[in-house]
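To keep things clear, I will list the structure first and then write my remarks on it.
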Amino acid sequence: MLYKGGEKDVLLVKTAQLQEGCILAEDVVGKSNRVIVPKNTVLNAKLLIVLQKFLVDQVRVQSVLVDGGTFRPSEIVQEDVPKTKATDNKDILTLYLEVVQQYKQMFQGWQAGLPVDIGKVRKMFMPLFEKVLESEKELLFFHHYSTKSEYLFHHAVTVGLLSGALAKRMQYTKGDCCQIAIAGLLSDCGMAKVDPKILHKSAALTPMEYKDMRQHTVYGYKMVQKITALQEGVKLAVLQHHERNDGSGYLLSVQEEKIHPYSKIVAVADVYHAMISERPYRNKQSPFKVFEQIHKDCFGKFDLSVVQALASLLMTLSLGAKVKLSNKQIGEIIFFEQDLPMCPVIKIIDTNQIISLKHEKDLCIEEIIK
């Protein structure tokens with residue numbers, strides 16, 4: 001049975017019908033009423049075995065796969081009353097995954113020598129950006145769908161969305177927000193000119209490989225330098241998004257006064273998404289742990305106003321969200337102290353206990369659960 005909802009459907013299927021890349025549309029709950037696998041998880045071979053071992057008979061999944069393709073099981077379970085309905089937010093997921101695949105195709109074209117077609121870039125990206133501005137909470141969850149093999153493409157799209165959302169928090173005009181979002185999207189376009197062996201390497205880069213990879217900022221700048229439809233700040237953001245206020249960045253090692261404001265926004269979005277995502281040679285970290293690290297760096301490496309905008313975004317979007325703690329308990333964020341966005345007050349779901357992470361030094365948020 002298909003549960004219609006906007007442009008997207010939810011399928012109820014037998015567990016045996018599942019394949020890698022399926023996206024859960026509903027929590028999978030065990031006999032003890034504990035969540036085995038949470039909603040919006042991308043299923044891999046290991047999780048498929050977990051579902052079999054827990055004797056899960058059927059699950060609800062999105063009809064779209066994480067690679068943007070359509071999931072077509074040979075058999076769908078019939079029900080009289082649907083328990084789950086697709087929502088407009090799920091439409092955003094469909095659009096997001098489609099844009100990731102479209103960006104991948106563009107990137108492959110750049111690798112083959114094609115120029116950046118800014119009109120095509122806008123047509124692809126701006127409808128998604130508009131939807132995300134209407135439903136910013138989705139920004140908390142896009143990193144869940146990033147796989148190690150497709151990380152580069154997910155990273156570009158999400159950095160674009162985050163950059164634009166941060167600009168909005170900083171009271172930039174709508175036109176500037178769109179330009180900054182495009183800057184984030186194109187910030188790594190120069191990776192198309194880097195040796196593919198380096199891009200797909202699963203181990204840490206050697207010093208020489210890292211030196212070659214850092215050249216992507218210059219390659220990217222050359223790719224967008226002559227596009228008249230882009231503001232100069234966008235082009236500089238492509239060149240400077242790895243520069244740091246204290247001069248410790250690359251490739252030019254310029255300091256704060258020579259770094260364009262757009263570059264400072266994209267820099268924070270770039271680091272935040274990179275650290276919360278699965279990458280070929282690094283595991284993902286909790287958004288709150290990542291923010292804590294960025295916050296520590298805001299007095300030397302990052303612009304304070306951008307970091308404050310990220311804090312505002314993170315607190316606003318995660319208030320009321322369910323989270324998994326490092327002790328595996330599930331809680332709900334009920335309060336933030338304004339000066340401690342990385343240490344919210346949590347209500348434990350099972351016990352209704354109220355705890356403040358400010359006073360629990362050995363406890364932290366591992367994941368935000370949708």
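The values are calculated or read from the model by the stated rules, or taken from the named source; none is laboratory data. Just so it is clear, the structure is predicted and the values come from calculations on it, not from any experiment. When we count neighbours, we look across all protein chains shown, and the Cβ atoms used for this are built from the backbone with ideal geometry, even at glycine. Quick note on the areas: whole protein, heavy atoms, side chains included, nothing else; ligands and nucleic acids left out. Shrake-Rupley method; radii C 1.70, N 1.55, O 1.52, S 1.80 Å.
A residue that is outside any loop (DSSP other than H, G, I, E, B), small (Gly, Ala, Ser) and touching a helix residue (DSSP H, G or I) at 6+ places or on another chain (Cβ under 6 Å) cannot be found anywhere in the stretch 273-287. Within the stretch 143-179, the set of residues being assigned to a helix (DSSP H, G or I), in contact with a His (Cβ under 7 Å, 6 or more places away or on another chain) and modelled with pLDDT under 95 comprises 143, 145. Identification of strands (runs of 3 or more DSSP E) wholly contained in the stretch 288-370 with 3 or more residues that are modelled with pLDDT of 95 or more and open to solvent by less than 20 Å² (accessible area, probe 1.4 Å) yields no element.
Give me the pairs, please: first residue somewhere in the stretch 63-74 and of a type in the set (Val, Ile, Thr), second residue anywhere and part of a loop (DSSP other than H, G, I, E, B), beta-carbon distance under 6 Å, and either six or more positions apart or on two chains. Close Cβ pairs satisfying both conditions: 66/21. Scanning the stretch 22-47 for residues that are surrounded by 18 or more Cβ atoms within 10 Å (Cβ to Cβ) and more than 21 Å from residue 328 (Cα to Cα) yields 22, 23, 25. For the stretch 126-168, enumerate the residues that are over 14 Å from the mean Cα position of the chain (by Cα) and open to solvent by 10 Å² or more (accessible area, probe 1.4 Å). Listed by number, the residues that qualify are 126, 127, 130, 131, 133, 134, 135, 149, 168. Comparison of 183, 203 shows that the only residue that is open to solvent by less than 60 Å² (accessible area, probe 1.4 Å), out of contact with any Asp or Glu (no Cβ under 9 Å at 6 or more places or on another chain) and in a loop (DSSP other than H, G, I, E, B) is 203. Scanning the stretch 30-71 for residues that are out of contact with any Phe, Trp or Tyr (no Cβ under 7 Å at 6 or more places or on another chain), more than 19 Å from residue 154 (Cα to Cα) and assigned to a loop (DSSP other than H, G, I, E, B) gives 31, 32, 33, 34, 38, 39, 54, 55, 56, 57, 71.
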